[in-house]
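Engineer: Next up is a structure, given as structure tokens.
The values are calculated or read from the model by the stated rules, or taken from the named source; none is laboratory data. Predicted, not measured: the structure shown is a model, and the values here were computed from it. So basically every Cβ, Gly included, is an ideal-geometry build from the backbone, and we count neighbours across all protein chains shown. In case anyone asks, the SASA skips ligands and DNA or RNA and just uses the protein heavy atoms, side chains included. Shrake-Rupley method; radii C 1.70, N 1.55, O 1.52, S 1.80 Å.
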Amino acid sequence: SSSLSLANRSRARNARAAMAAVVDQHVLRHQPGLAHAILGERLDTPVQFAPAGQPSYARLRAKRAIALAALAVLVALLWQFGHITDGAVAYRLFGTIVALSIGVVHVPNGACHRPPNEFCRLILCLGLPCLTLYWLTSVWHCPFFGEPHWPTAVEFSKHAIRSSGAIFVTATAVCCVAWMSTASRYAYDAVWTVVCIWLVALLRPVSHNVKHHSPNFANFTIGIAHSLEVVAFVWDALLMLRRLDVWRPAGIGFGAKRLVSVMGICFQCKVLMSALYRDLLKRKEHAAWNPGDVFTWYMYLGICMMFTVIWIVYISQVIVVFAEFVILLSREARCVHGAARAETLWARRMLSYEIIACMAVGTTVTLKWATYVFYKWQIYTSGAALEAFHEFSHVDHEIDLFGTAICTAMLSGILWQPAEPHVDEISTSKTHGENMRRYDRGGSIGTQLSLTGNGRAVWQNKVEELAGRGVRLHALLDFWETLAGGNVEAMPHFDPLRSTTNDVVRQAIIPISRNEGTAIGGRALAAVWSKGENVFATHMVTHTWSSLFLHLIAGIIADAFGAQYYMEVADILLRGPEDISKLRTALRERGLLEEAYWVCAFSVNQHAGICAGFGQAPVGHESPEHLQWDANRRDTVTQELFRVCDCGESKFFNDQPERCEINKFDAMMQHLCSSVQGFTHVVVVDAAFALFSRAWCIAEIVCSSECDMPKRIMVHSAEMLDQHYDILSTIDVRECRAARVEDKDMILESIRDVEMFNTQLQLAIFGTKGLFSRWIDGQDRAAMIGRIVVRARSCRCKASVSSSVSTRLSSVRHNTYPTSEESSDTGDSVAS
């Protein structure tokens, strides 16, 4: 026995060392979230450094600033020494440099993403419309440029078109600045894009208004406007690429980044050529052209047509991919029900909106460039162009600016937040009070007995006694540190990655909670920790004993932090005493160490129930029930039989229901719900999602649903949820298992509407109800859609593989087995 104990201790130490190394690598790769907030810089690259493989944003800004400064000096030198003879060209080039410098000031997806404070937003909201109004009316009052110029009818028509677009874009920009109050890199970049479009829409009419008073200033502003349009196009395309990047696991992969890069280069080359060859591209006398001029014209038209073609290819591929996703989700919606179907339909609706936005922006951009190319082609071929095309190009340009601004603002989540998935609520005839009274009639779902007299009093006293056995978080953390450190004498071989809650109850909780010395019996471990004082829990925990004990503790602590998943807390618990100390500090700072939870493993007196045995062995030595029963009485790590407890405590089961503790969970929940303010039900789901096949776990969820208790379901991770999506999307409580068939029937009979219960259970599992309670930006929304698409695609792949295997097996059964007339050796070969 001594040598076996030493071997177990050595094996446990080796397992913990190997586990720590694996966990260190896993956590360092893990996306920082709650763990990063608790442990600080240890789980993430420090903020002052850039992500691996990317230059720092400060260094990137410096490089861009140096390049722009060198370009500005070059233009100034060329102008000074007479290489640039046209002052208009120089001013347009300087305007281009000023516009590109905005790309130095703001780097998309940079470190800064916090919105300005309320005072700054108020100043911007007042300043943008005032500037717009002032400069749009500068055609009549131009104090900086001399006497006002009264426009002709044609000039006024063009001015009205440009001014209308500027007014609409200004309204969009003001709304974005006013409503952008949440820290989000994606929304922050979207606001910069919309403000950049506002500057383009404003500077276009300004340059037209002042050209009669100050041609140089007009050329300077038009150079800024044209290059700013390139910057806004690239920023908007980058926003689209960031939404596409989160969909990459769902099947996006057609070289979108390369196409955007080529389009940005073509756009900027077109702007530079318009500045350098301004006179040539407007000249209509073909006789004065030389071969170089003809080459310039062909290059200019070729660049414009290249951009148009690439844009059509790019936007068409995006729409086709979205359409494929919509078709996939439509098929998936016909195969699932409840919350899974609601989420699928929601994702399909969001993708439909994306398609509409892409088609709108794609149409306006295509029309703008196609009209412009046709207009220039008319000038090149005939020396003249229809004025109607020129007017239409102005109208389409303003429509394009406004459409791009409004689509960017809406798809980023600033001007529009999607409604949560719709699930038809089935009205119930019972109110909350009637549901509560339902449990007052005789107590528990587990018994449904009508007790009278002394029996009812004993029952109620036991319920109240159970309700006072809450466990505080600091006690759970202390117990975990003792257990993980190998300091529990009866369980030195504890392995956090293998030991289950059943192992811990049998080998740690039961021995520790036994009365000391020669005293008979034992108590609940919660009562030992509280020294007999009542601790009324504010949270009831439902869990399975077959899950890892690590996951139970991590799920409870993650719930205290308000997290959606408990994987990050589990990582912290595995890392050792130093990080657990930081976790304890974080709980203390938030005032959570005294938070009390009711957990059956700690709150039930195991000595009055299971400590002395494992129940009657099922019939059939090789039956699945017997194999499961045998596994439940062995340690998961050592495979040795558990020692039974000889404490001598009286045992109470269903033969004495009023004294039994394990049949009163739902009654105890109802008691705490009615007496403790803010009582909630927490369901800690194991990584295999076996909890939803346990009848008594379902019974506790039924109880909380009937009593309208707030319910939170803690899942290991989003990845684990997606892996089990095909099972959870068709979950049905009628398929749960129980040791006794009558227990399952009794539990199902207590559910008024099974289909509605399944739907509500899915809502809690998938997190649909709480998923959209917070503000989300366009990238987060795209990530949600991508997860749903990946789940649907994985289910389709599994279904196709299953269908293929079934077809092959059917083919083997019908075509390959030999007939009775065939030789026996052939039959033996095929059979083998």
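Engineer: Find the residue count for segment 616-631, including only residues that are open to solvent by 40 Å² or more (accessible area, probe 1.4 Å) and either among the β-branched types (Val, Ile, Thr) or assigned to a helix (DSSP H, G or I) (or both).
Structural biologist: Residues in segment 616-631 being open to solvent by 40 Å² or more (accessible area, probe 1.4 Å) and either among the β-branched types (Val, Ile, Thr) or assigned to a helix (DSSP H, G or I) (or both): 7 in total.
Engineer: Output yes when any residue across segment 682-701 is under 18 Å from ASP745 (Cβ atoms) and among the β-branched types (Val, Ile, Thr), and no when none is.
Structural biologist: yes
Engineer: Out of everything in segment 193-214 that is of a type in the set (Ser, Thr, Tyr) and part of a helix (DSSP H, G or I), what residue ends up being surrounded by the fewest Cβ atoms within 10 Å (Cβ to Cβ)?
Structural biologist: Per the stated criteria, the residue is SER207.
Engineer: Restricting to segment 571-592, give me the number of residues that are touching a residue at least 24 places away in the same chain (Cβ under 8 Å) and either of a type in the set (Asp, Glu) or closer than 18 Å to THR501 by Cα (or both).
Structural biologist: Matching residues across segment 571-592 total 4.
Engineer: Looking at segment 552-559, is at least one residue touching a Phe, Trp or Tyr at 6+ places or on another chain (Cβ under 7 Å), surrounded by 15 or more Cβ atoms within 10 Å (Cβ to Cβ) and more than 18 Å from ILE713 (Cα to Cα)? Break it down into steps so the answer makes sense when it comes.
Structural biologist: Kept after step one, since they are touching a Phe, Trp or Tyr at 6+ places or on another chain (Cβ under 7 Å), are these residues of segment 552-559: 553-556, 558.
When the remaining residues are screened for being surrounded by 15 or more Cβ atoms within 10 Å (Cβ to Cβ), the result is 553-556, 558.
The next check asks that each one be more than 18 Å from ILE713 (Cα to Cα); those that pass are none.
Checked against the condition, which is being touching a Phe, Trp or Tyr at 6+ places or on another chain (Cβ under 7 Å), surrounded by 15 or more Cβ atoms within 10 Å (Cβ to Cβ) and more than 18 Å from ILE713 (Cα to Cα), segment 552-559 yields no hits at all.
Engineer: Given the conditions (1) closer than 28 Å to GLU489 by Cα; (2) open to solvent by less than 20 Å² (accessible area, probe 1.4 Å), report the number of the one that PRO657 does not fulfil.
Structural biologist: (1)
Engineer: Picking from ALA173, ALA166, ALA190, which residue would you name as being open to solvent by less than 10 Å² (accessible area, probe 1.4 Å) and closer than 15 Å to LEU411 by Cβ?
Structural biologist: ALA190
Engineer: To continue, here is another question. If I go through segment 124-160 residue by residue, how many of them are open to solvent by less than 90 Å² (accessible area, probe 1.4 Å), at pLDDT 75 or above and in a helix (DSSP H, G or I)?
Structural biologist: Qualifying residue count, segment 124-160: 12.
Engineer: If a residue has to be in a helix (DSSP H, G or I) and either more than 23 Å from VAL685 (Cα to Cα) or of a type in the set (Val, Ile, Thr) (or both) to count, how many in segment 605-615 make the cut?
Structural biologist: Here is the first cut: in segment 605-615, the residues in a helix (DSSP H, G or I) are 606-608.
Next cut, either more than 23 Å from VAL685 (Cα to Cα) or of a type in the set (Val, Ile, Thr) (or both) only: 607-608.
Of the residues in segment 605-615, 2 are in a helix (DSSP H, G or I) and either more than 23 Å from VAL685 (Cα to Cα) or of a type in the set (Val, Ile, Thr) (or both).
Engineer: Is there a residue being within 29 Å of MET305 (Cβ to Cβ), outside any loop (DSSP other than H, G, I, E, B), small (Gly, Ala, Ser) and open to solvent by less than 10 Å² (accessible area, probe 1.4 Å) anywhere in segment 245-258?
Structural biologist: no
Engineer: Can you pull out every residue in segment 671-716 that is modelled with pLDDT of 85 or more and either among the hydroxyl-bearing types (Ser, Thr, Tyr) or over 30 Å from the mean Cα position of the chain (by Cα) (or both)?
Structural biologist: Matches in segment 671-716: HIS671, LEU672, CYS673, SER674, SER675, VAL676, GLN677, THR680.
Engineer: A follow-up question, please. Please list, ordered by first then second residue, the pairs with beta carbon atoms under 6 Å, 6 or more apart or interchain, first in segment 510-534 and polar (S, T, N, Q), second open to solvent by 70 Å² or more (accessible area, probe 1.4 Å).
Structural biologist: Listed pairs, sorted by first residue: SER513/ARG523.
Engineer: Please go through (1) surrounded by fewer than 22 Cβ atoms within 10 Å (Cβ to Cβ); (2) of a type in the set (Phe, Trp, Tyr); (3) at pLDDT below 85 for PHE665 and return the number of the only condition it doesn't satisfy.
Structural biologist: (1)
Engineer: Now for a separate question. Looking at segment 316-350, which of the residues that are touching a residue at least 60 places away in the same chain (Cβ under 8 Å) and assigned to a loop (DSSP other than H, G, I, E, B) is nearest to ALA419 (Cα to Cα)?
Structural biologist: HIS337
Engineer: Given segment 563-604, what helices (runs of 4 or more DSSP H) lie entirely inside it while holding 3 or more residues that are open to solvent by less than 20 Å² (accessible area, probe 1.4 Å) and over 24 Å from PRO511 (Cα atoms)?
Structural biologist: Passing ranges, in order: 567-575, 577-589.
Engineer: Further question on the same structure: Out of GLY613, GLY648, GLY620, GLY609, report the one residue that is in contact with a helix residue (DSSP H, G or I) (Cβ under 8 Å, 6 or more places away or on another chain) and at pLDDT below 90.
Structural biologist: Answer to the selection: GLY620.
Engineer: Also, quick follow-up: Of the residues in segment 369-404, how many are among the β-branched types (Val, Ile, Thr), at pLDDT 85 or above and open to solvent by 30 Å² or more (accessible area, probe 1.4 Å)?
Structural biologist: 1
Engineer: List the residue pairs whose Cβ atoms are under 9 Å apart, where the first residue sits in segment 620-647 and is small (Gly, Ala, Ser), the second is modelled with pLDDT under 85 and not in a loop (DSSP other than H, G, I, E, B), and the two are 6 or more positions apart or on different chains.
Structural biologist: Matching pairs, first to second residue: GLY620/HIS626.
Engineer: On to the next question. Is it the case, given these coordinates, that GLN656 is outside any helix (DSSP H, G or I) and free of Cβ contacts under 8 Å to residues at least 40 places away in the same chain?
Structural biologist: Details: outside any helix (DSSP H, G or I): yes; free of Cβ contacts under 8 Å to residues at least 40 places away in the same chain: yes.
For GLN656, the condition - outside any helix (DSSP H, G or I) and free of Cβ contacts under 8 Å to residues at least 40 places away in the same chain - is met.
Engineer: May I ask you to say which residue of ASP646, ASP635 is within 30 Å of ALA519 (Cβ to Cβ), more than 26 Å from the chain's Cα centre (by Cα), open to solvent by less than 10 Å² (accessible area, probe 1.4 Å) and of a type in the set (Asp, Glu)?
Structural biologist: Going through ASP646, ASP635 in turn, just one is within 30 Å of ALA519 (Cβ to Cβ), more than 26 Å from the chain's Cα centre (by Cα), open to solvent by less than 10 Å² (accessible area, probe 1.4 Å) and of a type in the set (Asp, Glu): ASP635.
Engineer: I would also like to ask the following. State yes or no: is GLN656 modelled with pLDDT under 85 and either under 30 Å from the mean Cα position of the chain (by Cα) or not aliphatic (A, V, I, L, M) (or both)?
Structural biologist: On the way: modelled with pLDDT under 85: yes; either under 30 Å from the mean Cα position of the chain (by Cα) or not aliphatic (A, V, I, L, M) (or both): yes.
The answer is yes for GLN656.
Yes/no per residue for (1) at pLDDT 85 or above; (2) surrounded by fewer than 17 Cβ atoms within 10 Å (Cβ to Cβ); (3) part of a helix (DSSP H, G or I):
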{"site": "GLY362", "(1), (2), (3)": "yes, no, yes"}
{"site": "LEU415", "(1), (2), (3)": "no, no, no"}
{"site": "SER444", "(1), (2), (3)": "no, no, no"}
{"site": "GLU465", "(1), (2), (3)": "yes, yes, yes"}
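Engineer: So which of ALA484, ALA526 ends up being small (Gly, Ala, Ser), crowded, with 18+ Cβ neighbours inside 10 Å and modelled with pLDDT of 90 or more?
Structural biologist: Selected residue: ALA526, the only one of ALA484, ALA526 that is small (Gly, Ala, Ser), crowded, with 18+ Cβ neighbours inside 10 Å and modelled with pLDDT of 90 or more.
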